[in-house]
Structure formats: structure tokens, C-alpha cells
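The structure appears right after this line, and notes come after that.
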Amino acid sequence: MPELKRLHTRHAPAVLAFELANRAYFAASIPDRGDEFFDRFTERFDALLAEQEAGICAFHVLVDEDGAVLGRFNLVDIEDGAAELGYRVAQHAAGRGVATEAVRELCALAPSRYGLRTVRAAISHTNVASRKVLTKAGFVRTGPADPAHLSGKPGDWYQRDLEPQP
């Protein structure tokens, strides 16, 4: 059973393997991260962990029983009880409901762990799979997103108001 875990330094090799194995798959629907991302992976990974430690972002990995990364689920720009959600799932795990379940789980823990009341995500019009994930996970369309936010592609914002935790 896949498990959602907060990003840790020990995940670096599995995250790099995940990104390399799925690079072409991801680039078919979102801009490629470029060779520099992979050349400077360790430096960038350490910077993510520093942002997480500072409370600016919260990064998670969905791992299988063997420790391989099936997906990444990130809450970025955490401020005033809100954050933006970003995620990506391995090609071999796509279409099996793992993204929807991981987004639901992240939204369930976000109020108590990160103090969030609202999570939103910008999705391009061409990314039908992500739109389905968000809708199934309780997000609703709130309006158009600035194409600059989506690498020049038109799209929409989706939002989910979270249940407060006692």
C-alpha cells in the first residue's frame, strides 16, 4: 500500500530516480525541468528541505513498499492559512487513483499539521487528468488562472476549503 511521507533527506536518491525515469512522461504535459535541474539536483533538493524547515513549503513523497517514489505532492507558498498544491505521479502509477487518494490525504492532514484552511491549484486546460484528480478530491473551479502561472498555457484555479481540526 503506498504511503504519503514528508520529504526527508533520505528520499533524495528515490526522488532523483523518479524524476529521471519519468522525465519524458512529465515533459509531455508540463515544461521539462531541463538538464540543469538534474545536474544540480543535490543542491536543489537541499534548498527544498531548507524551505520546508522554514515553513514556507511542505513537500511529500508517495512511496511504495520498496521505497520507490510513485509521486510528489507539494504545498507551496504557505501563508495566512493557504497554500498552493502541486503534484506529479509516475507514469506506471497514473490512472490508478493514487493521485486522488494522496491529494485527499494531504488535504486531511494540512489543517492540523500546517494550519491550512484553503488549498488551491492551477491546472492548464489540456491537463484533463489533473482536473479529474482535483474534482474527485473535492476541489471546485474558482476562475481562470493567469497563463504566466502555467508556463503560458491557459487554465483555471481550483480550490478546496479544508475542514478545521480541533
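Computing Cα extents along the principal axes in Å for the structure here picks out one of [x] 37, 36, 30; [y] 36, 33, 30; [z] 63, 40, 27, namely [x]. Counting only Cβ charges, +1 for Lys and Arg and -1 for Asp and Glu, the dipole size of the chain around its Cα centre is about 580 debye.
If the segment from Asp146 to Ala50 were pulled out straight at 0.36 nm per residue, it would be longer than the present Cα-Cα gap by 31.7 nm. Pro144 sits among other residues whose Cβ lies under 15 Å from its own Cβ, and their net charge, with Lys and Arg +1 and Asp and Glu -1, is +2. Within the shell of other residues whose beta carbon sits under 9 angstrom from the beta carbon of Asp156, the net charge comes to +2, with Lys and Arg scored +1 and Asp and Glu -1. Between the listed residues His11, Gly34, Leu106, the Cα displaced farthest toward the positive end of the dipole of the chain, a dipole computed from Cβ unit charges relative to the Cα centre, is found at Leu106.
Rule-based calculations on the coordinates, nothing more; no lab input. Source: prediction; values computed, not measured. As a convention, Cβ positions derive from the backbone with ideal geometry for all residues, glycine included, and neighbour counts pool all protein chains shown.
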